[in-house]
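Here is the structure we will look at.
A short reminder: the numbers here are calculations on the coordinates, not readings from a lab. All of these numbers come straight from a predicted model, not from anything done at the bench. Here the Cβ is made from the backbone with ideal geometry for all residues, glycine too, and neighbour counts use every protein chain on show.
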Amino acid sequence: MSERGASAAKALAKFEALGFTHVLMLPDSESRLLYDAVGRSPSVRLITPCREGESMAIAAGLWAGGKKPLIVIQCTGLMEAGDALRGCGLGPRIPLRLMVGWRGYAGAIASKKPTDSAYTYTEPLLSAWGIPHWHLMRDEDLPLLDTMDQTAGETSLPAAVVTGFTFRP
């Protein structure tokens with residue numbers, strides 16, 4: 001079994017292979033290395049919105065303009081962005097592609113107390129919104145980005161991968 005957490009370099013290579021033109025993200029402790037990798041990419045433009053909800057609107061606008069954005073967001077940011085997700089993705093049927101950092105996952109599976117409530121609500125929230133999602137926990141899971149991308153494209157609705165561990169170099 002491979003190391004926990006996906007390689008930021010391999011994730012970026014997958015973003016490039018899938019043709020993502022922009023990555024919208026606010027850096028956090030788990031995705032810092034991915035943020036750095038995207039920031040160095042000559043082919044994928046990094047956009048750092050002010051708030052997570054703003055990333056939904058920017059991505060919807062980029063998509064309407066013929067671009068292919070990816071939103072990288074922590075689960076607490078997803079919760080903050082719920083209305084924007086509804087109004088810019090679900091309602092108008094825009095295929096927003098999401099990579100959601102599952103804050104609290106590592107602690108919860110290690111039975112660390114107290115359990116971060118963000119962990120508890122992440123999957124039920126995605127399910128309540130009808131957003132199909134897959135777990136991207138290691139390099140071997142990177143092909144799930146293809147599945148997420150294809151699902152969003154075919155349904156013209158948001159789809160997500162959920163990451164539970166810190167990105168590695």
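Restricting attention to the stretch 38-57, the residues being within 25 Å of residue 106 (Cα to Cα) and touching a residue at least 40 places away in the same chain (Cβ under 8 Å) number 0. For the residues 46, 62, 33, the requirement of being of a type in the set (A, V, I, L, M, F, W, C), under 17 Å from residue 165 (Cα atoms) and not in a loop (DSSP other than H, G, I, E, B) singles out 33. Remark: pairs (first residue in the stretch 1-17, touching a residue at least 60 places away in the same chain (Cβ under 8 Å) and over 15 Å from residue 36 (Cα atoms); second residue hydrophobic (A, V, I, L, M, F, W, C) and surrounded by 15 or more Cβ atoms within 10 Å (Cβ to Cβ); Cβ separation under 6 Å; 6+ apart in sequence or on different chains) = 4/165; 5/165; 5/167; 14/142; 14/145.
A Cβ distance below 9 Å, combined with a sequence gap of six or more or placement on separate chains, defines the contacts here; from the stretch 123-140, residues that are touching a residue at least 60 places away in the same chain (Cβ under 8 Å) reach residues that are surrounded by 16 or more Cβ atoms within 10 Å (Cβ to Cβ) and of a type in the set (Lys, Arg) in the pairs 139/168. When 132, 158, 92, 114 are screened for being surrounded by 21 or more Cβ atoms within 10 Å (Cβ to Cβ) and farther than 20 Å from residue 7 by Cβ, only 158 passes. With respect to residue 95, is the statement that it is under 18 Å from residue 14 (Cβ atoms) and part of a loop (DSSP other than H, G, I, E, B) true? Against the criterion (under 18 Å from residue 14 (Cβ atoms) and part of a loop (DSSP other than H, G, I, E, B)), residue 95 qualifies.
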